[in-house]
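A short reminder: the numbers here are calculations on the coordinates, not readings from a lab. If you're wondering where the values come from, they're calculated on a predicted model, not measured in any experiment. FYI the Cβ positions are ideal-geometry reconstructions off the backbone, even for glycines, and counts take in every protein chain you see.
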Amino acid sequence: MGEPADLVALSGGHTVGRARCDFFRDRMRRQDDTFSRKLAVNCSKDPNRLQNLDVITPDAFDNAYYIALTNNQGVFTSDMALIKDRTTAPIVRQFAKDKAAFFTQFVKSMVKLSKVQRPGGNVGEIRRSCFRTNGQNLVDAVAGDEEGFAASA
Ligand code: HEM
């Protein structure tokens, strides 16, 4: 499989973890379905509140994130895009049905990602802060408050 499979499999990282409510304000405002209203209820009190990214099994690394997508229950616009797009939707449905297929592709795509070379970035480096390469020391100096996010992601 090619790049669309990489995109779908890597987004499967959202099978675990949580997001701060203000990351998906757009989705709550634009859509009026039951799921979006549920998100809005969780988030109405405080924009810093957390929302599970995989609404079925939030703490298990499995394929339930894709099952949720087939039920239109993706939290981010980028999650929902995977089930709305004609190229990626069949891959989402395949991973929803076949956990082993997701695991196999996730391994391949993570290894491929680790080999991506970009200006200013080392190949395969593990970032101290998720938001910038380790080479960008100047900004690292003021990024102490992001360490917690990097460690949890
Ligand atoms: C289209 C690409 C992606 C977008 C737009 C995206 C966006 C986001 C956003 C906005 C958050 C919430 C951050 C917060 O609230 O502080 C998040 C969390 C997370 N993302 Fe992604 N992400 C993408 C791809 C990935 C990939 C490739 C992985 C891993 C392979 C991944 C793994 C995670 C995890 C584990 C969390 C939860 C962090 C935690 O609970 O501490 N994401 N993502």
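Under a point spin-label approximation (7 Å from Cα along Cα-to-Cβ), what is the Arg18-Thr77 distance to one decimal in nm?
Inter-label distance under the simple model: 2.5 nm.
Between Leu10 and Met110, with labels modelled 7 Å along Cα→Cβ, what's the label distance in nm to one decimal, could you check?
1.4
Measuring from centroid to centroid over Cα atoms, what is the spacing of the stretch 93-133 and the stretch 1-47 in Å?
Computed from Cα coordinates, the inter-centre distance equals 20 Å.
Which whole-Hz couplings ³J(HN,Hα) result when phi for each residue of the stretch 38-45 is put into the Karplus expression 6.51 cos²θ - 1.76 cosθ + 1.60, θ = phi - 60°, listed in order with x for Gly and Pro?
Along the stretch 38-45, the couplings run 4, 4, 4, 5, 4, 9, 5, 6 Hz.
Kindly count the pairs of lysines across the stretch 3-116 whose alpha carbons are less than 23 Å apart, treating pairs on different chains or eight or more residues apart as eligible.
Eligible lysine pairs with Cα atoms under 23 Å apart amount to 6.
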